[in-house]
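Below is one structure; the comments refer to it alone.
Nothing in this text is a laboratory measurement; each read-out follows from the coordinates by a stated rule. It should be emphasised that the depicted structure is a prediction, and the values quoted were computed from it without experimental measurement. When we count neighbours, we look across all protein chains shown, and the Cβ atoms used for this are built from the backbone with ideal geometry, even at glycine.
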Amino acid sequence: MQLFMQQLVNGVVLGATYGLVALGYTMVYGIVQLINFAHGEIFMLGGFGALFTYTVLLPSGTPVVLALILMLLGGMAVSVTAAVIMERFAYRPLRGAPRLAPLITALGVSIFLQELVRNFYPAKSPRPFPQLIPPDYLINLGGGVTINAPKLVTVIAAVVGMVALSTFVRSSRTGRAMQATAQDPDTARLMGIDTDRIIVTAFVLGASLAAVSGLSNGLQFGTVDPRMGALTGVKAFTAAVLGGIGNISGAVLGGFLLGIVEVMATQYAPSPLSGGAWANAWGFVVLILVLVFRPNGLLGERVAARA
Amino acid sequence: MSRDLSPKSLLGVAGAVATAVACFLPWSLYAGFPGKMLNTGFPGGARMYVLLLALAAGAVLLLDPPGRVRGLRAASVWALVISLLTALLIGYAGGGLGNVAAGAWIAVAGSAALTASAYLLDASSDRDRRVWSLPDADWRMPAEIVITLAMAGLALYVFVVGLGIPTSNVASGPDHTFRDAISLNDVTNGSEFLAFLFGIIGLFLVAGRIGLTASLGAITQRRRPALVTGATLAAIAFPFTQDGSPYALRIAASIGVFAAAAVGLNVVVGLAGLLDLGYIAFFGVGAYFAAIYSGSTTSPIHVHLPFFLVIVLGALVAAVFGFVLGAPTLRLRGDYLAIVTLGFGEIFRISVNNLDGQSGPSLTNGPNGISNIPDLGLPGGFSFGDNHHLFGVPLPFQANYFFLEIVLVAAVMVAFLRLSDSRIGRAWVAIREDELAAAATGINTTRLKLLAFGLGATLAGAAGTVDAHVVKVAAPDSFTFIESTLLLAAVILGGMGTVPGALLGASVVYLLPEQLRFLHDLRLLVFGLVLILMMRLRPEGLVPSKRRQREFRERDDKSGALDPPPGAHA
Amino acid sequence: MSLLEVKDLRVSYGSIEAIKGISLVVEEGQVVTLIGTNGAGKTTTLRTLSGLLRPTAGEVYFDGQRLDGTAAHEVVMRGIAHSPEGRRIFPLMTVEENLELGAYSRKGMSPAEDIKKVFERFPRLEERRAQKAGTLSGGEQQMLAIGRALMSRPRLLMLDEPSMGLSPIMIQLIFDTIAELKSTGTTILLVEQNASAALALADVGYVLETGKMVLSGTGKDLLTDEKVRKAYLGED
Amino acid sequence: MHSSRIVRIGAPLIIVGALALSSCSSKSEGSGGGNKTLTIGVVAPLSGDLSAVGNGIKNGVDLAIKQANAAKTVKGVTLVLDAQDDTAKADVGATVAAKLVAESSVVGVVGPLNSSVAKSVAPVMASANLAIISPSNSGVDLTGRGALATGATQTRPYKSYFRVCATDDIQGPFAADYAVKDLKVKKVAIVHDKKAYGQGLAEAFAKQAAADGATVLKTETINPGDKDFSALVTKLKSESPDFLFYGGEYPEASLITKQMKSAGLNIPLMGGDGVDAADYIKIAGAQANGDYATALGAPTDKLASAAQFLTDYKAQNYKDPADPYGAAAYDSANAIIKALAKAYGEGKTGQALRDEITKEVGDSNFQGATGAISFDQFGDTNNKVLTVYKVTKGAFVPVKTDSFK
């Protein structure tokens, strides 16, 4: 039982990163129906932005809390800037183009950003990330089940991010405008909503959360690399679809579910289909099963669906 | 033909003349740069493309065809790009801008003036492009056939040049054959490829904007038999242009496999409108099937089936996979289907990686893959692994696979065209456009979607069986998500739903990274950038289907796109 | 000075010109109607006026100031509300939320009073205030669309085919509403296929044919015009 | 529309700018001076994730060529380098192999990095009998060694293929012997990344460890690229092993050891030459202390030729480090150069030259930077000297050097 509970915690932690990144997929997809494959790279840039802030901008001896806050801001600045430029110059011109055109653009952006960081980020691999929150600080959750401090931070960030984002979309004036834009962009404009600005806002929010995730990822594993976005991106996209793409709570729920499935497959899947080598396959099997029975994902109908 | 002699036009004429003249002057003071940049007189290398663009610009300016200003813009911008790029690279390769001769700077200035003129002129005064046709005379049919054959010849020429840039580099003497043309000095060699690529893009755009492409397209469509003959002849002639070098043939064979798969994917995505992000898995099924039954020592099943049987069976097995995987997922819509296909693709890759007797049943030799796949043979002792001589021209063994490739691509193309023109094809298009409406008219959408999946998988499986023998190894690394997306990129970049589009897209997606080798570590960076820019400049693909083009416009009409379509308003 | 003045407007979709130079004038307090067959360019005209499409040529003045080139969301702020063809309510939001969005352009002002007014005009909507708009009947959705357009307190109300697809009773109700709005001095630009009802209400009417203005006059004149009767009122 | 026009003009100009900026890096001008120019090819990943490793190989060959030209090792010949990027993919490997084979001046090739790429490169090379020496392929199939495990006779699949590195079936058992016999470990956990290298190594280790009498737990796998190994660590912890062997490379190994120790499972991790990298310690930090890695050859400080190589390499100011295969690539290139010197001295040209070089490479016998270079009849190195390194105070310190079997 302890083993099971510990693995459950591991799964939740793994899923928290997927969920945080998935929020960005869901936001953008909900509003412009674009699978932004480059969103994983925005997450990666968040990690690198935070690292850059720490290694280059911060004087040594900066208090940890202050350093963390500044690293988060640095990561966000990089992620958000990249997302805004990407939206403006790669995606916006293609609005109204055939539906699949932006998909290839997204692929191009994804390759471009990975290679940009890989080639031009100073200090070649590895890029050790400062362990500001000590990973050996274990918090006992009872019954011998533990979670270390950076992981706890990741989970908290995912839940807070989800709650904050859904509150924002549900209650704020801009959030309302987002829903309107998602359901009918033309009519939203007739209401006086600047849909271009709303779409940028969606990219900005998604990028900010991705930066949070990039930072927490760095803190958790002590390293960042230019490819980290590619794998996480696919997983996060899967999580978003699992939860019902366009649905904010669904994204995080999907992330948790995916994380738990992968972890449980590692521990409990019947041999020989067990172990990390098969874990990703199990994740997709669960995705397919869920979609066969609930074609719109776990949380059903998209909250921000178009008419 | 109304002559426009405004100052803006005259600026353009002057620019075109200056650019053209500059092409006959030396561009480089540094001898190491390829493409005969030193001489006064007949222009070689990059200068040729600039000259062609300058002449095209001048002709467009003076002859005033429909789409005059837009055509002029294409010609001038690309002439400027090539001359500037070449000047900079000469400077770089020679070790300083001092190596750039006056000719290059005149060309830069001239094409800059041309560009300025093109953008000062008002594009909204352009007349709509129209389709020219030959007068209805006795000689019309033979003339059209000649034109069609000439187009095939031109395509061959462009392909040969694009693969190797041989013509300008071949020096005389027995020691300097084309083989040496792939020189070590890769920076300068790459520059010439770029000049070629940009030149072709520029000329192609000019032709498109003044309506020439459409006119020629109409002619070649009317002369289908001539087109097929010409294309076949051109393809067969290709290995004979390579002087025994296996390199270009090897790439051409790979492009062939890639193109065949792209055409297959085009059935699923282009015709039926189902976004498949895991298509490479079906290709992989074919490849693994062929590998397992090739008699390779690394295959756990020591059965050697004849290749013709392998193609058929491999395609069938892939089809079964297509149907089985398609069945439970086809009621999903759009992007949900995309992620499920992505999932299937990954499950395939993970499975073949694990079916090695360690973490699964022994079938695929796991991460090592099945290697050492023997060469194909024909009854009568002909081995695909042997080099041959034909008509006195040495043909390396890669040529054998290239010919096999032609047969495969032709078969896949015929299958695609047959499908596309059939009742099934029209039903697919109906589903793609509006599934509900299609269902309402009595189309069994589920069955047809399944059929699209299955047929697409069949074509991919057939291509995969050939690929296993061309590459000689089937390993899990070759069937990753990125391969699926590159295939999709080929289809979309080329133009959805068209055969020439898929072929062109496959060539670009395969050849571009290959020819960008000289960039070393920045290769993929530039490739990503090019993908973005290509979609930005031609969102409907390089060769959009006529149907698609219409839809593109109507779409704007219906939805009143958030932004006006490019080029709609000046 | 006229409230709205359109001079030689041209609009293209790609290389196809949909509006080939039309001019029209709407005076303060008037109801002006555009009639014409499908594809004549009526909807395109309204979409251009509200900024959803950009004209290729021509000028539009609203209240004496240049309007063309203004982005759609700014057009609303200038005082033009557009109730689009097909109603286009936000289906997943409640009736009340739809109305609140109608007042989006009036930043910082409470919409409560205006919502009350809309509910007074359309009591049916008040009954369904917390219901998802997508679940309303066609007629109710049309009420909501008009009510939502009124929420921005427009100086010019543009209605695109408000009677389309509705039952005769609903059509009557909608035209009654328009008449009532007219009586309270609201300026309205009405696009209708139901030409007789529209012309009966309108001060001025314009007839569009394949992107060109072919006839104009007062509502009454057009109603009695022989060509109009033949072509648009279905009389021989 | 205005901005769009800017993009339309600007976009091509941006490409130009990017290309102009990027056309930096290598530019190899062959200044012949009357000499005949011959080429040594390199097939390695020069772009993408593995480009640093690939460039290390390229630089090793480049250094060997520069030294040979300076010393006029091959009389009357100026050697040049032709490095081809295989992007770590099999099909691209086959393409560039064809390119090198087609170039008549190429007399030998060094590479590729990956065994999977070698499987498509080697047949093309064999078709022209062009010698190819890999500094790093450890897959047993490439020289037919796979047959040995099943008791069958070894046959050589690619007649011109050689390698100067240890195969999995040597390195794995060597590591296992050390762990079980020297460290006296009892209960061994095995993890690999399910890639050809990692799995081959881990399987060979597991087999030997069991034969040596240790209890070997069921093999676990991970997914390359993953970062969160907590599920694996939790599972391992529940089985309480006293030693972990990891088949794979350092990016994952460093994270595994770190997460394992953070979670309270304090056992040493041992890996092969894929773990023997300075970056392993940089990522894992203090938690790498006490871990082990094996590598081919004697430690560099005990081998004068190795120390000399590192000095020379540094002097060239290459952008990428020599680690992990630069020295082996340097040795491979030297094997080709020495063979060429002999063959060319005999006046051979054309195909005869290639045939002779391949033959001479097989007869190589010299002291290289990684140790003695000579090949058996199947193309494998005879050098079976391996070293175990232990991470001590943040550095790999050699603890045992021995010849296998």
Identify, among C:Leu199, C:Gly36, C:His73, the residue whose Cα sits farthest towards the positive end of the charge dipole of the stretch C:4-231, taking +1 on the Cβ of Lys and Arg and -1 on the Cβ of Asp and Glu, with the dipole about the Cα centre.
C:His73
Calculated FRET value between B:Leu537 and D:Lys302, using beta carbons and R₀ = 56 Å, to 0.05:
0.40
Simple spin-label model, 7 Å along Cα-to-Cβ: B:Thr229 to A:Ile139 in nm?
8.0 nm
For the stretch B:48-125 and the stretch C:72-129, distance of Cα centres in Å:
55 Å
Testing the spin-label approximation: label points 7 Å from Cα along Cα→Cβ at B:Asp421 and C:Glu226. State their distance in nm.
5.4 nm
Debye log10 I(q)/I(0) for chain D, one point scatterer per Cα, at q = 0.07 Å⁻¹
-0.35
Can you put C:Lys117, D:Lys237 in order of Cβ neighbours within 10 angstrom, beginning with the fewest?
C:Lys117, D:Lys237
Calculated FRET efficiency, C:Glu126 and C:Ser2, Cβ-Cβ r, R0 35 Å, to nearest 0.05?
0.45
The stretch B:214-282 and the stretch B:430-459: distance between their alpha carbon centers, rounded to Å:
25 Å
Any residue on another chain or 5+ positions along whose placed amide H is under 5 Å from the amide H of C:Tyr13 is listed here as C:Ala18
Counting helices only, and only those DSSP H runs with n ≥ 4, report the 222 nm mean residue ellipticity of chain D as the sum of -39,500 (n - 2.57) divided by its residues, in deg cm²/dmol to the nearest 500.
-13500 deg cm²/dmol
Computed from the beta carbon distance with a Förster radius of 41 Å, FRET efficiency for A:Thr174 and B:Phe323 to the nearest 0.05 stands at 0.30
Tell me, C:Arg121, B:Arg432, B:Arg250, B:Arg523 in order of fewest to most beta-carbon neighbours within 10 Å?
C:Arg121, B:Arg432, B:Arg523, B:Arg250
Kirkwood Rh, Cα Rg: Rg to Rh for the stretch A:9-293?
0.98
If you place +1 on the Cβ of every Lys and Arg, -1 on the Cβ of every Asp and Glu, and leave all else neutral, what size is the dipole of the stretch A:9-293 about its Cα centre, to the nearest 20 Debye?
280 debye
Give me the one-decimal nm value for the distance between modelled label points at B:Ala214 and C:Arg10, 7 Å along each residue's Cα-to-Cβ direction.
1.8 nm
Summed over the other residues with a beta carbon less than 13 angstrom from that of D:Leu201, with K and R at +1 and D and E at -1, the charge totals -4
Can you divide the C-alpha Rg of the stretch A:209-266 by 2.2 N^0.38 Å and report the result to two decimal places?
1.17
Exposed-site-free run, longest, chain D (rule: GluC sites (Glu not before Pro); DSSP loop; at most 13 other C-beta within 10 Å)
D:30-345
Where in chain D are the DSSP H helices whose alpha-carbon span along the long axis reaches 20 Å or more and whose Kyte-Doolittle mean is at least 0.5?
D:2-22
Only bridges whose two residues both fall in the protein assembly as shown count here: according to DSSP, what percent of them are antiparallel, nearest 5?
50 percent
Residues with amide H under 5 Å from that of D:Thr37, placed H, sequence gap 5 or more:
D:Thr78
In this model, which of A:Lys235/D:Lys119; D:Lys66/D:Lys99; C:Lys7/C:Lys212; A:Lys151/D:Lys258; D:Lys119/D:Lys227 are farther than 20 Å apart at the alpha-carbon?
A:Lys235/D:Lys119; D:Lys66/D:Lys99; D:Lys119/D:Lys227
Spelling it out for C:Gln131: with amide H atoms placed in the peptide plane at 1.01 Å from N, the residues 5 or more places away or on another chain with amide H under 5 Å from its amide H are C:Val95, C:Glu96
Please identify the DSSP H helices in chain A that span no less than 24 Å along the helix axis (Cα) and have a mean Kyte-Doolittle hydropathy of 0.5 or more.
A:2-32, A:64-86, A:101-120, A:149-171, A:195-221, A:248-268, A:276-293
The rounded separation in angstrom of the Cα centers of the stretch C:21-55 and the stretch A:240-303 is 51 Å
Considering only Cα-Cα distances, which of the following residue pairs are longer than 18 Å: D:Lys187/D:Lys237; D:Lys181/D:Lys261; D:Lys184/D:Lys237?
D:Lys181/D:Lys261; D:Lys184/D:Lys237
At 222 nm, what value in deg cm²/dmol follows for chain A if DSSP H runs of at least 4 each add -39500 (n - 2.57) and the sum is divided by all its residues, to the nearest 500?
-23500 deg cm²/dmol
Let me see the P(r) profile for the protein assembly as shown: every Cα-Cα distance counted, bins of 10 Å, each bin given as a percent of all pairs.
1, 7, 14, 19, 20, 17, 11, 6, 3, 1, 0, 0
State to the nearest 20 debye the size of the charge dipole of chain B about its Cα centre, where the only charges are +1 on K and R beta carbons and -1 on D and E beta carbons.
1240 debye
Run down the lysines and flag those whose C-alpha is under 21 Å from the C-alpha of D:Lys72, throwing out any fewer than 8 positions away in its chain.
D:Lys36, D:Lys58, D:Lys338, D:Lys342, D:Lys348
Rounded to two decimals, what ratio of Rg to Rh does the stretch C:4-231 give with C-alpha atoms and a Kirkwood Rh?
0.96
Kirkwood Rh over Cα pairs of the stretch B:202-325 into Stokes-Einstein at 20 °C, 1.002 mPa s: D in µm²/s?
118 µm²/s
Scoring only Lys, Arg, Asp and Glu (+1, +1, -1, -1) among other residues with Cβ under 12 Å from the Cβ of B:Val470 yields -2
Using a Cα-Cα cut-off of under 16 Å, which aspartates and glutamates could be cross-linked to D:Lys89, ignoring same-chain neighbours fewer than 8 residues away?
B:Asp467, B:Asp477, B:Glu483, B:Glu514, B:Asp521, D:Asp49
Classify the stretch B:238-306: rounded, prolate or oblate, from the alpha-carbon gyration tensor (a ≥ b ≥ c, eigenvalue square roots; a/c under 1.5 rounded; otherwise prolate if a/b is larger than b/c)?
oblate
Only Lys, Arg (+1) and Asp, Glu (-1) charged, at Cβ; the stretch C:4-231 dipole about Cα centre in debye
340 debye
Kindly identify the stretch A:1-127 as rounded, prolate or oblate by the Cα gyration tensor criterion: order the square roots of the eigenvalues as a ≥ b ≥ c, call it rounded if a/c is under 1.5, otherwise compare a/b with b/c, prolate if a/b is larger, else oblate.
oblate
Counting other beta carbons within 10 Å of each Cβ, put B:Asp386, D:Asp82, B:Asp276 in order, fewest first.
B:Asp386, D:Asp82, B:Asp276
As I understand it, the value is the acute angle between the Cα axis of helix B:246-265 and the longest principal axis of the Cα atoms of chain B; what does it come to in degrees, rounded to 10?
70 degrees
Loop only per DSSP, at most 16 neighbouring Cβ atoms within 10 Å: give me the GluC sites (Glu not before Pro) in the stretch C:114-217, ordered by residue number.
none
Tell me, what HN-Hα J-couplings in whole Hz come from the Karplus equation 6.51 cos²θ - 1.76 cosθ + 1.60 at θ = phi - 60° for each residue of the stretch B:93-103, using x for Gly and Pro?
5, x, x, x, 5, x, 7, 7, 7, 4, x
By its C-alpha gyration tensor, with a ≥ b ≥ c as the square roots of the eigenvalues, how is the stretch B:332-413 shaped: rounded for a/c under 1.5, else prolate for a/b larger than b/c, else oblate?
oblate
Could you work out, for chain B, what percent of all Cα-Cα pairs fall into each 10 Å distance bin, beginning at 0 Å and stopping at the bin that holds the largest distance?
3, 15, 24, 26, 19, 10, 3, 0
Helix-only [θ]222 nm of chain B, DSSP H runs n ≥ 4, -39500 (n - 2.57) each, per residue, nearest 500
-21500 deg cm²/dmol
Among beta bridges that DSSP assigns inside the stretch C:4-231, antiparallel share in %, nearest 5:
55 percent
Counting Lys +1, Arg +1, Asp -1, Glu -1, what net charge surrounds D:Gly172 among other residues with beta carbon under 9 Å of its beta carbon?
-2
